[in-house]
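See structure below.
The values are calculated or read from the model by the stated rules, or taken from the named source; none is laboratory data. Please read all numbers here as calculations on a predicted model, not as lab measurements. Virtual Cβ from ideal backbone geometry, glycine too; neighbours counted across all protein chains shown.
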Amino acid sequence: MESTKKSIKRLRLAVPVVVIAVLIGLAISGAFDAIDSDRIKDWIIASGLWGPAVFIILLAGLQPLYVSVYLFLFAAVAIWGPWTALPICWVGIQGACLWPYLVTRYLVAGDEVLAERVPERARPYLERIRDQGLRAVIVSRFVFYTSTPVQWCYGLTPVKTKDFVLGTGLGTIPMTALTLFIGEAAIAWWNS
């Protein structure tokens, strides 16, 4: 058991070191010089509806697996600009928030599992989340935005699916828009 823990510790240290070393090596070798962002942008725009569709699927699929939502938001604003990127990113974010909720709610039997294990003093909070689910989800989206643990854990709470979907939809709009417009300004500043 002790040797397994040591192996995991070494692996946790080795993986980032190797990844950083490979990225530095690629940067020094000039491998990144062949990446033409304008050509990639033109290709995505020329792909018609397939570009946004693939983007939405990637955002929805990868963000709950700890790929930063900001990576997608900045890429979207660089490709489409903030007004076109807003609905594309918003739809992708809804998918990224919904599937972890559904997995933990229905495949793990989330709210039932939590109800059996929660301490007595925490039960009033769960009742409040159940009774005021829409408000709880909106507020948590303002505070935590698309935090991956929050997305997975919501399926363990008694919040209704309808409240989760509506609260996520409403609660993610402000931060998504703010990030896209800040991203546009940052890109313009970088290119100047």
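Okay, here's what the table says:
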quantity	calculated
Matching entry among Leu71, Leu98 (being surrounded by 12 or more Cβ atoms within 10 Å (Cβ to Cβ), under 14 Å from the mean Cα position of the chain (by Cα), without any contact (Cβ under 8 Å) to a residue 24 or more places away in the chain and within 28 Å of Leu178 (Cβ to Cβ))	Leu71
Residue tally, condition under 17 Å from Leu170 (Cβ atoms), at pLDDT 90 or above and assigned to a helix (DSSP H, G or I), over region 104-149	12
Filter result (among the small types (Gly, Ala, Ser) and not in a helix (DSSP H, G or I)) within region 63-79	Ser68
First in region 110-127 and within 19 Å of Pro149 (Cα to Cα), second anywhere and at pLDDT below 75 and in a helix (DSSP H, G or I), Cβ under 9 Å, 6 or more apart	Leu126/Asp111; Leu126/Leu114; Leu126/Ala115
Residue among Val159, Val150 that alone is free of Cβ contacts under 8 Å to residues at least 12 places away in the same chain and surrounded by 17 or more Cβ atoms within 10 Å (Cβ to Cβ)	Val150
Test: residue in region 27-36 that is touching a residue at least 12 places away in the same chain (Cβ under 8 Å), surrounded by 10 or more Cβ atoms within 10 Å (Cβ to Cβ) and closer than 14 Å to Ile79 by Cβ	no
